[in-house]
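Trainee: Got a structure for you, questions after.
No lab work stands behind these numbers, since they all come straight from the coordinates. The shown structure was predicted, so the numbers you read here are calculated from the model rather than taken from an experiment. For neighbour counting, all protein chains shown are included, and Cβ atoms are generated from backbone atoms with ideal geometry for every residue, glycine included.
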């Protein structure tokens, strides 16, 4: 049984980015994080992203706005980041307050600076296999994790559990791309599927993003299969100082008894998402530099 | 065995559109077809589209350019159609000559006039379940055909054979939408799938868009299943005056012996594509009218 070490693979990628950033001229890539309000998870996610940036030599800055900022004001702030030539990437951290139209805010970021890959144009490009766009970080991270673990998807039964716009749909599209890490025979199942276990048991590779802790149990897995667990769920654990611990959508302890490879939570897909964000920022920078000098 | 009469259903839709167009004021919806060169299939497709428009009271006009027109010139022509307020919809008929970047040309049409649904923004909106966009006509026609035949996809095993950007991928995304005619347990298989028959035999509903005449044979079908055949292939038939006849991707004569419902070729999905184009044109007109009066 192989434990797919997302943390290690993400570190390898960050090192490659570090080397590339070091070779750049005086101007360095810069990503701006936009946070509205004080959601503890958002604070923690952005702290991780800022640390990863610092590690690679990518400049990051965080703009924090109060919970009660109006959508119009926020759009104005994003507009000035769009116009700022020294900002190459912009990430608006979800969730936004209820009084905002999240899609309108995400779409206000210039597609060329949308390193999160949430802009409608970048989703369309992902569907069109147009590599000039930015693929959303989590789906791109899943494919990269498979690639660097030597797990090809071509011609294999790949099952995606969950159909969210953030993970399920885009990773499904990527799995249908041409190439050894596409070309999958793809099945997407979800809460409306009659017998989820019947579907997941046929999965040579199972990608789980349903957002329910320990949803996938041993009997739902194909012996010898590969599991990529995208879920991050808090469950109470009074033995911990924090009072909780993080678990995936898959019951890891059960799964390790039957599968050939699995990603842990934490330390699987999570770090890959952050690494892909840095890769997208570097790409945004290179496209921009190229654009202004040509 | 039910023969799903796409021609009849498309006529019903065109009648509904006719009634709605009649109720409009003096200004009527107008769609412009752009054709480059004299491909016989393109001429025939546009003739059908023009006839359907005429039937509903939608104005259509055709702009024909010579094969050797440069991409820049064509983009200029599209630009002036974009700027023309009396043109509500624009359709650039594929295929374009080899010296053109098809995607760049399709993306030069304003998204609000892209009644074909090929613009990157409209593909992104389809993926995001954003109904302000235009869904590509063939995938939208397939879903409408199922709806009007009372064939729900919710919780059923729906298999899409083919992963093209024109049909396979967008219809797959629509099948994952919320609702009775979404919510499918979806499998996408294609030329790289190891055993296509093994997958298609599990299909409660099979949508075939692989572009190979009579590819799907009786032994690949689930008894009692539903088949939607998107293929249109010419095969030699010397008993016909034309010397050929059109067949689908499914061997119809074999399939009717086992399935519960099937679309014929011609007279299945084809007419639905044209009806959806008219529906998109009406939508473009209504959005535009609304936009200019509000």
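Trainee: What average number of partner chain Cβ atoms lie no more than 10 Å from the Cβ of the residues making up A:181-189?
Mentor: On the way: counts 0, 2, 5, 6, 11, 9, 9, 9, 6.
Counting other chains' Cβ atoms within 10 Å and averaging over A:181-189 gives 6.
Trainee: Something else now. Return the distance in nm (one decimal) between the two label points of a simple spin-label model at residue A:48 and residue A:1, each offset 7 Å from Cα along Cα→Cβ.
Mentor: 2.3
Trainee: Continuing with the same structure: Could you state the angle between the C-alpha long axis of helix A:40-56 and the longest principal axis of the C-alpha atoms of chain A, as a value from 0 to 90 degrees rounded to the nearest 10?
Mentor: Here the helix axis deviates by roughly 70 degrees.
Trainee: If you average 1/r across every pair of different Cα atoms in the stretch A:56-117 and take the reciprocal, what Kirkwood value do you get, in Å? Present the calculation step by step, with values, prior to reporting the outcome.
Mentor: Values: mean 1/r = 0.0812 Å⁻¹.
Mean inverse Cα-Cα distance, inverted, gives 12.3 Å.
Trainee: I've got another one for you. By Cβ position, which chain B residue lies least far from the axis that rotates chain B onto chain A, and what is the distance to the nearest whole angstrom?
Mentor: Spelled out, residue of B and its Cβ distance from the axis onto A: B:124, 2.
Trainee: Would you compute, from DSSP H runs of 4+ residues alone, the mean residue ellipticity of chain B at 222 nm, taking -39500 (n - 2.57) per run and dividing by the full residue count, rounded to the nearest 500?
Mentor: On the way: 10 runs with 117 residues, N = 294.
That comes out to -12500 deg cm²/dmol.
Trainee: Something else: Put a point 7 Å out from Cα along the line to Cβ at residue A:26; what are the distances to that point in the other copies, in nm, shortest first?
Mentor: For residue A:26, the other copies' label points sit at 6.5 nm, shortest first.
Trainee: Considering only the label points, 7 Å along Cα→Cβ from Cα, what distances in nm to one decimal separate residue A:8 from the same position in each other copy, shortest first?
Mentor: Label point to label point, same position, other copies: 6.4 nm.
Trainee: Between the alpha-carbon centers of the stretch B:89-150 and the stretch A:216-243, tell me the distance in whole angstrom.
Mentor: The distance from the Cα centre of the stretch B:89-150 to that of the stretch A:216-243 comes to 40 Å.
Trainee: Ok, one more. Using the alpha-carbon atoms, what tilt in degrees (0 to 90, nearest 10) does helix A:6-23 show relative to the longest principal axis of chain A?
Mentor: 30
Trainee: Taking the 0 to 90 degree range and rounding to the nearest ten, how far is the long axis of helix B:71-83 tilted relative to the main principal axis of chain B, both from C-alpha atoms?
Mentor: Tilt of helix B:71-83: around 70 degrees.
Trainee: For peptide B:116-126, how many partner chain Cβ atoms fall within 10 Å of a residue's Cβ, on average?
Mentor: Values: counts 0, 0, 1, 2, 12, 7, 2, 9, 13, 4, 4.
If you average over the peptide's residues, the count of other-chain Cβ atoms is 5.
Trainee: What does the copy distance list look like for residue B:95, label position 7 Å along Cα→Cβ, in nm and ordered from shortest?
Mentor: Label-point distances to the other copies, shortest first: 5.0 nm.
Trainee: Give the separation of the Cα centroids, the stretch B:1-40 to the stretch A:159-178, in Å.
Mentor: The two parts, judged by their Cα centres, are 34 Å apart.
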